[in-house]
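Derivation of every value follows stated rules applied to the coordinates shown; laboratory data play no part. Small disclaimer: the values here were computed from a predicted structure and weren't measured. Because the Cβ atoms are built from the backbone with ideal geometry, glycine has one as well, and the counts that use them run over all protein chains shown.
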């Protein structure tokens with residue numbers, strides 16, 4: 001069955017290592033007949049949450065006029081959400097964290113979603129990279145019935161292009177291809 005797949009690439013570098021893995025995941029998901037959209041967060045203007053409580057206390061739209069509402073709407077409507085990030089100091093990128101924080105007003109609408117995570121890092125110790133997955137888990141702990149379907153670890157890569165030839169490239173493609 002065809003699914004709506006939303007890929008959120010939070011690399012600050014277009015065609016960076018995590019963004020490349022997002023593209024491979026997307027290629028596999030498209031080949032399997034899914035409807036796929038990738039959002040490169042760097043191309044969006046998403047301001048930090050100001051903690052004004054307009055969304056949570058008054059159930060009104062965020063007063064900030066930026067691209068967050070558009071991206072969050074797509075998250076609400078997706079069946080599958082792929083969150084791709086480079087890892088800096090053992091955590092997700094600021095672009096990804098900023099988006100997650102802005103989900104405050106609508107996170108209760110993100111029900112029964114399948115999640116995949118894509119992480120790349122210069123670090124090659126997978127155990128240390130689980131800290132980053134734990135930060136994603138903090139977001140999912142607030143959602144209704146999220147299911148983590150898979151994680152791709154592109155480890156031991158730092159500079160642009162180092163992911164080429166890495167086993168994670170094929171793994172991302174295969175993981176995308178299994179959706180449906």
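Tell me the angle of helix 126-140 to the major Cα principal axis of the chain, expressed in degrees between 0 and 90 and rounded to the nearest ten.
Here the helix axis deviates by roughly 30 degrees.
Could you work out [θ]222 nm for the chain from helices alone, using -39500 (n - 2.57) per DSSP H run of at least four and dividing by all its residues? Round to the nearest 500 deg cm²/dmol. Mind showing how you got there, number by number?
On the way: 6 runs with 65 residues, N = 180.
It comes out at -11000 deg cm²/dmol, rounded to the nearest 500.
In what sequence, highest mean first, do 15-25, 97-107, 119-129, 77-87 appear when ranked by Cβ atoms within 10 angstrom?
Values: 15-25: 25.1, 97-107: 19.4, 119-129: 17.2, 77-87: 23.2.
For the peptides 15-25, 97-107, 119-129, 77-87, the packing ranking is 15-25, 77-87, 97-107, 119-129.
On C-alpha positions alone, give me the angle between the axis of helix 68-77 and the longest principal axis of the chain, in degrees, nearest 10.
Once rounded, one gets 70 degrees.
With both partners inside the chain, how many of the DSSP beta bridges are antiparallel, as a percent to the nearest 5?
Approximately 5 percent, going by the DSSP bridge assignments.
Enter the angle in degrees (range 0 to 90, nearest 10) between the Cα long axis of helix 17-31 and the first principal axis of the Cα atoms of the chain, meaning the one along which they spread out most.
For helix 17-31, the angle is close to 90 degrees.
Using only the Cα atoms of the range 77-180, build the gyration tensor, take square roots of its eigenvalues as a ≥ b ≥ c, and label the shape rounded, prolate or oblate: rounded if a/c is under 1.5, else prolate if a/b is larger than b/c, else oblate.
oblate
With the contact rule set at Cα under 8 Å and sequence spacing of 6 or more, what percent relative contact order holds for the chain?
After rounding, I find 33 percent.
What is the distance in Å between the Cα centroid of the range 29-54 and that of the range 102-180?
Here the two parts' Cα centres lie 14 Å apart.
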